[in-house]
Every structure is written in C-alpha cells, then in structure tokens.
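Read through the structure below, which is laid out as structure tokens, and then see the notes.
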C-alpha cells in the first residue's frame, strides 16, 4: 500500500490488487484494516474498487469528511479515470458506451440486458484508445476509461458484452493466461471536503501486465 496524501480529513492511497476496498465480511485484511493500522484512527470508505483492481482511492478520516465526499460522488462531482487492457481493438478510437446492467448478487456477476426491469440500472462510460499491441499472436488495446456511472463490474461487463473482455478477467470470458486483471484506477480528482482545494492524483502503473 502506497500513501499519496494524508491530512486530518482524508487519506489518498494506492490500493493493491487482491485487497478488498471495504471491510472484509470475514474480518480479514482489507484497506480499512490496513489504513486503520497506519493512522491509528477510524477510516470511512466513500467509494469502492473491485478486489482484483488496484489503483488510486480516497478514504475519509472523519464522519464529516465522509458525508461531504459521499455527497460529491452522488452528485457526480468526482472524476475517475481508469486504464483498461482489453482483448481486440474497438471499432472506434473513442466512443461513449451505454448499457442496461443487472447485477446478480448471488453470483456476484453483472450482465448487460436489453430491457429495463427491477434491479436493472443504466450504465455509461467513455473511452479513448491509447495504443494497441500484439502479444502472443493476439491483439490487445490499452484504453483510457472515464466512468459516468458507477455500477458493479461496469467496465468489465460493458467491454466483455462487446467481445472485448479485459485481460485476465476469466469471470467475463477472457481466455488468456494473465494472472492479474487488466484494470487500474489511474486518476482521481475531487474537491477537498474541508479546504475546497481541487485534489488530483495519478497512479504510475500501466496494466500491460501479460
């Protein structure tokens, strides 16, 4: 775990892959326990990343800061950018994708569906193609992705439904041998809940990890 910034209200860090971003139901190690051990105080989650995804996250250190950050997230005032390594090459070098997603809690898996019904939510993201590579005879694309909505497994399922699963994402159809999910929370911008300062943090890693 790498700490990028810390003050009495917030702490910004790089979440490692394989660590839960919120409290583990079985009481195991999570970002909450790691940050509590680091700060010696309470930690309040305000957003989440999939366990398999690493990258930039912010946590609140007070209830007041947590309420302010949560409100900004609900009002879409957070700016989140991801780097995604997908199979294949998209038809357009940049585009906005719209889908209806249903999350099956029992299977912890999301599906792109055709009709609105109970439990179905609208999902929207935009992407830009950064580069393509051929690895072991197969083409991969590195995309910069900006989320407009925050649905469970959204990036993973929106690209998988277009036959471009993320590398290493066997849950959504990838057949490569990559042991890590090709997804990184690369950039996070938000307004500081106390000072009003614009905060901007970037992860250094790129997910070309095959």
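The values are calculated or read from the model by the stated rules, or taken from the named source; none is laboratory data. Predicted model only: the values in this text are computed from it and were never measured. Here the Cβ is made from the backbone with ideal geometry for all residues, glycine too, and neighbour counts use every protein chain on show.
What the table below lists for this structure:
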{"quantity": "Of all residues in segment 109-126 being free of Cβ contacts under 8 Å to residues at least 24 places away in the same chain and assigned to a strand (DSSP E or B), the one that is farthest from residue 161 (Cα to Cα)", "calculated": "120"}
{"quantity": "Count of segment 127-178 residues which are within 22 Å of residue 110 (Cα to Cα) and either free of Cβ contacts under 8 Å to residues at least 12 places away in the same chain or part of a strand (DSSP E or B) (or both)", "calculated": "9"}
{"quantity": "Check on residue 97, in contact with a helix residue (DSSP H, G or I) (Cβ under 9 Å, 6 or more places away or on another chain), surrounded by 15 or more Cβ atoms within 10 Å (Cβ to Cβ), not in a loop (DSSP other than H, G, I, E, B) and not assigned by TED's automatic domain parsing to the domain that holds residue 52", "calculated": "yes"}
{"quantity": "Condition check for residue 124: under 30 Å from residue 13 (Cβ atoms), more than 18 Å from the chain's Cα centre (by Cα), at pLDDT 90 or above and not assigned by TED's automatic domain parsing to the domain that holds residue 11", "calculated": "no"}
{"quantity": "Residue 129 being under 30 Å from residue 179 (Cβ atoms) and surrounded by 17 or more Cβ atoms within 10 Å (Cβ to Cβ)", "calculated": "no"}
{"quantity": "Answer from 188, 181 - the residue that is in a loop (DSSP other than H, G, I, E, B), touching a residue at least 12 places away in the same chain (Cβ under 8 Å) and touching a strand residue (DSSP E or B) at 6+ places or on another chain (Cβ under 9 Å)", "calculated": "181"}
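Residue-by-condition table, conditions (1) under 19 Å from the mean Cα position of the chain (by Cα); (2) buried (at least 22 other Cβ atoms within 10 Å of the Cβ); (3) at negative phi:
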{"position": "175", "(1), (2), (3)": "no, no, yes"}
{"position": "184", "(1), (2), (3)": "yes, yes, yes"}
{"position": "189", "(1), (2), (3)": "yes, no, yes"}
{"position": "199", "(1), (2), (3)": "yes, no, yes"}
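Matching residues to (1) at pLDDT 95 or above; (2) crowded, with 19+ Cβ neighbours inside 10 Å; (3) assigned by TED's automatic domain parsing to the domain that holds residue 62; (4) touching a helix residue (DSSP H, G or I) at 6+ places or on another chain (Cβ under 8 Å):
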residue	(1), (2), (3), (4)
133	no, no, no, no
137	no, no, no, no
150	no, no, no, yes
167	no, yes, no, no
170	no, no, no, no
192	yes, no, yes, no
